[in-house]
Amino acid sequence: MINFNEIETIAYLGPQASFSEMAKDKLCELNNIKAYPMPMQTIRQVIEYVDKNSANTLGVLPVENSIEGGVRETMDNLMTAENHNIQIIAEYIMPIRHCLLSRTTEIYSITGIISHPQALAQCQNYIHTEMPYNVNIIEATSTAEAARSLQNYNLTYAAIGSKKTAEVYNLNILKENINDDKTNQTRFILVGNYTTEKTGNDKTSIAFSTENKPGALLEVLKTFLESNINLSHISSRPSKINFGDYIFFVNFDGHIQDEKIKLAIEKIKSQTTFFRFLGSYPKNQTNEIPQ
């Protein structure tokens, strides 16, 4: 079981002022974690760091956005962690408010925009309708890295990031709340080589593959129905082994310590060609708006 007082380091997608850092700060606050922060350049590096330094180490990862769906890099790399005991132990749902940031104050002079692909996708309507037709789009590893990189471009370039990003990198906010969907939220997860106690308001995540034949996935879904287990999310990713084979990611209500969950998982294991338990953890939602 996890003792948050023993956690020494916590890795996250940096640099400073990224949404992942903001989520890391909130998860540390909620769980009273006082650990040394370890910003990483990529999601893969976060998972590899936790994988190789699993003792007293945690990682924070974006896993799902309310508009764009699952974060592919997180899902893929979580599956390839060598230590199969790396699990999700907590979640935090953060409202996302994107801003257009620049070193200039002249919004009409902007000819290029830099940001993380997810942020660009979440603001595509604004970019399409409010920016020049031939605006230059540049992808960055994070919204904070996009803001930091503005120093390498002329004043006609802007970044997409948060108010905190503007404060940290001393940038002007040209336009607030430019994300297409004003209810935009991202779910972040806390991962580590630990297990959790059930709280009575928990969620479990698993991943599995089935035989590529009619009814194979249906049999698994029927197990959830027959066990009276509520599915809250299902998505798929290519297995990267054989074309046409997929890995399914499923979230459902309950904890691995619940008897009906244990029985259902044992049955599902017999119905699948690949199975991985990704963790049971408390549900966590918030309506806070980050600054």
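Could you please rank SER102, SER109, placing first whichever residue has the fewest other Cβ atoms within 10 Å of its Cβ?
The most exposed by this proxy come first: SER109, SER102.
I need the per residue convex hull volume for the chain, using only the alpha carbons, in cubic angstrom as a whole number.
Dividing the Cα hull volume of the chain by its residue count gives 140 Å³.
Could you grab the relative contact order for the stretch 142-291? Cα pairs under 8 Å, six or more apart, rounded to a whole percent.
Numbers: 183 pairs, mean separation 42.7, N = 150.
Over the stretch 142-291, the number comes to 28 percent.
Determine the distance separating the Cα centre of the stretch 235-275 from the Cα centre of the stretch 120-144; give it in Å without decimals.
36 Å
Calculate the length of the line joining the C-alpha centroid of the stretch 20-77 to that of the stretch 172-218, in whole Å.
After rounding, the separation between the Cα centres reads 13 Å.
Strictly over 32 Å apart at the Cα level, which of LYS34/LYS267; LYS34/LYS198; LYS24/LYS182 would you flag in this model?
Violating the 32 Å Cα-Cα cut-off are LYS34/LYS267.
Please report, in debye to the nearest 20, how large the charge dipole of the stretch 99-175 is about its Cα centre when each Lys and Arg carries +1 at its beta carbon and each Asp and Glu carries -1 there.
In debye, rounded to 20, the stretch 99-175 gives about 160.
Amide H of LYS175 versus every other amide H placed in the peptide plane: which residues, excluding those fewer than 5 positions away on the same chain, fall under 5 Å?
Placed amide hydrogens put LEU100 under 5 Å from LYS175.
Could you work out the relative contact order of the chain, using alpha carbon pairs under 8 angstrom and six or more residues apart, expressed as a whole percent?
23 percent.
With +1 on each Lys and Arg Cβ and -1 on each Asp and Glu Cβ, and nothing else charged, work out how big the dipole of the chain is about its Cα centre, in Debye to the nearest 20.
Here the chain has a charge dipole of around 80 debye.
Can you give me the distance in nm between label points at THR129 and GLU29, each placed 7 Å from the Cα along the Cα-to-Cβ direction?
Label-label distance for THR129 and GLU29, simple model: 3.3 nm.
Can you work out the PRE-style zone for GLU82? Point 7 Å along Cα to Cβ, and I want the residues of the stretch 52-66 with backbone N under 16 Å.
52-55
Read-outs: derived from the displayed coordinates by stated rules, not from any lab. Given the structure is predicted, the values throughout are model-derived calculations rather than measurements. Because the Cβ atoms are built from the backbone with ideal geometry, glycine has one as well, and the counts that use them run over all protein chains shown.
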